[in-house]
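Enquirer: Have a look at this one before I ask anything.
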Amino acid sequence: TAAAAASTSATTATETDDNARATRNRTEDDANAEWRQIPSVEIAPGAHKYVQITAMTPADPPQTRTFVISKRGAQYHANVAEPFVYRLENAGYTDIRVKGGGRINYMPDVRVISIFGYSYGFGLADHKLSKEIMQKDGRYLGYAIEWSNEGY
């Protein structure tokens, strides 16, 4: 009958809407999971160039996160920043800014991290803030973390 067909059509439309909503929510959850998994600190053992980056999360409402990143073998600070910026973009972050740079000497054997210097291309990072971010990361509990604006 026409009434039965209309009822079936309405049920199918409702199911389609529900499925679309569930897919959209699952996609948003997956994206959120990806951006949340990016740690605020990624530093390589040894003395290497580092950058400090800020970015807006894809959360609602968005929040600013600050990242401290060093990379073994980077010839320039841009070599540290570029792959990480790309990673943030792919995870949905916006308003990504390299705030400055310097060097980090990460000595895990003696539990010491030294933050110092500056970047010719990006300028001086806020080393005090970099230290605070590292102190909040449980992987560096018990480390002596020092900073200075001296040196290159």
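The values are calculated or read from the model by the stated rules, or taken from the named source; none is laboratory data. What you are looking at is a predicted structure, and each value in this text was computed from that prediction instead of being measured. For neighbour counting, all protein chains shown are included, and Cβ atoms are generated from backbone atoms with ideal geometry for every residue, glycine included. When the accessible area is computed, the model is the full protein with side chains, heavy atoms only, and any ligands, DNA or RNA have been set aside. Shrake-Rupley method; radii C 1.70, N 1.55, O 1.52, S 1.80 Å.
Enquirer: Determine which member of the set Phe67, Phe84 is under 27 Å from Gly151 (Cα atoms), in a helix (DSSP H, G or I) and modelled with pLDDT of 95 or more.
Expert: Values: Phe67 fails: in a helix (DSSP H, G or I).
Phe84 is the lone residue from the list that is under 27 Å from Gly151 (Cα atoms), in a helix (DSSP H, G or I) and modelled with pLDDT of 95 or more.
Residues are listed down the side, and each one gets a yes or a no for (1) at pLDDT below 95; (2) open to solvent by less than 40 Å² (accessible area, probe 1.4 Å); (3) closer than 25 Å to Val80 by Cβ:
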residue	(1), (2), (3)
Ser7	yes, no, no
Asp18	yes, no, no
Thr54	no, yes, yes
Thr57	yes, yes, yes
Pro62	yes, no, yes
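Enquirer: Residue by residue through the stretch 94-104, note down the ones that are closer than 19 Å to Ile38 by Cβ and open to solvent by 10 Å² or more (accessible area, probe 1.4 Å).
Expert: Thr94, Asp95, Ile96, Arg97, Val98, Lys99
Enquirer: Can you tell me how many residues in the stretch 112-136 are open to solvent by less than 70 Å² (accessible area, probe 1.4 Å), more than 14 Å from Tyr76 (Cα to Cα) and in a loop (DSSP other than H, G, I, E, B)?
Expert: Matching residues across the stretch 112-136 total 1.
Enquirer: While we're looking at this one, here's another question. I'd like to know if the stretch 72-84 contains one or more residues that are small (Gly, Ala, Ser), in contact with a Lys or Arg (Cβ under 7 Å, 6 or more places away or on another chain), more than 14 Å from Ser40 (Cβ to Cβ) and open to solvent by less than 50 Å² (accessible area, probe 1.4 Å). Working first, answer last.
Expert: Of the residues in the stretch 72-84, the ones small (Gly, Ala, Ser) are 73-74, 78, 81.
Subset that is in contact with a Lys or Arg (Cβ under 7 Å, 6 or more places away or on another chain): 74.
With more than 14 Å from Ser40 (Cβ to Cβ) added as a condition, the list becomes 74.
Restricting the remaining residues to those that are open to solvent by less than 50 Å² (accessible area, probe 1.4 Å) gives 74.
Yes, there is a match, as at least one residue in the stretch 72-84 is small (Gly, Ala, Ser), in contact with a Lys or Arg (Cβ under 7 Å, 6 or more places away or on another chain), more than 14 Å from Ser40 (Cβ to Cβ) and open to solvent by less than 50 Å² (accessible area, probe 1.4 Å).
Enquirer: Please list, ordered by first then second residue, the pairs with beta carbon atoms under 7 Å, 6 or more apart or interchain, first in the stretch 75-99 and more than 19 Å from Gly117 (Cβ to Cβ), second assigned to a helix (DSSP H, G or I) and not hydroxyl-bearing (Ser, Thr, Tyr).
Expert: Within 7 Å, the pairs are Ala91/Glu34; Ala91/Trp35; Gly92/Ala31; Gly92/Trp35; Tyr93/Trp35; Ile96/Val85; Ile96/Leu88; Ile96/Glu89.
Enquirer: Taking only the stretch 137-152 into account, find how many residues are assigned to a loop (DSSP other than H, G, I, E, B), at pLDDT 95 or above and acidic (Asp, Glu).
Expert: Within the stretch 137-152, residues that are assigned to a loop (DSSP other than H, G, I, E, B), at pLDDT 95 or above and acidic (Asp, Glu) number 1.
Enquirer: If you check Arg103, Arg72, Arg111, Arg36, which single one turns out to be closer than 21 Å to Tyr140 by Cα, basic (Lys, Arg) and at pLDDT below 95? Step through it out loud before you land on a result.
Expert: Numbers: Arg103 fails: at pLDDT below 95; Arg72 fails: at pLDDT below 95; Arg111 fails: at pLDDT below 95.
Going through Arg103, Arg72, Arg111, Arg36 in turn, just one is closer than 21 Å to Tyr140 by Cα, basic (Lys, Arg) and at pLDDT below 95: Arg36.
Enquirer: Identify the single condition in (1) under 21 Å from Gln75 (Cα atoms); (2) touching a strand residue (DSSP E or B) at 6+ places or on another chain (Cβ under 8 Å) that Thr94 does not satisfy, given that it satisfies every other one.
Expert: (1)
Enquirer: Six or more apart or on different chains, Cβ atoms under 9 Å: show the pairs whose first residue is in the stretch 133-152 and touching a residue at least 12 places away in the same chain (Cβ under 8 Å) and whose second is open to solvent by 80 Å² or more (accessible area, probe 1.4 Å) and assigned to a helix (DSSP H, G or I).
Expert: Note: pairs meeting the criteria are Tyr143/Gln135; Ile145/Gln135; Trp147/Lys128.
Enquirer: Please enumerate the residues belonging to the stretch 87-111 that are part of a strand (DSSP E or B) and within 13 Å of Ala44 (Cα to Cα). Show your work before the answer.
Expert: Start the filter on the stretch 87-111 by keeping residues that are part of a strand (DSSP E or B), which leaves 94-107.
Passing the criteria: Arg103, Ile104, Asn105, Tyr106, Met107.
Enquirer: Moving on to the next point. Quick one: count up the residues across the stretch 36-64 that are more than 24 Å from Met107 (Cα to Cα), assigned to a loop (DSSP other than H, G, I, E, B) and not hydroxyl-bearing (Ser, Thr, Tyr).
Expert: 7
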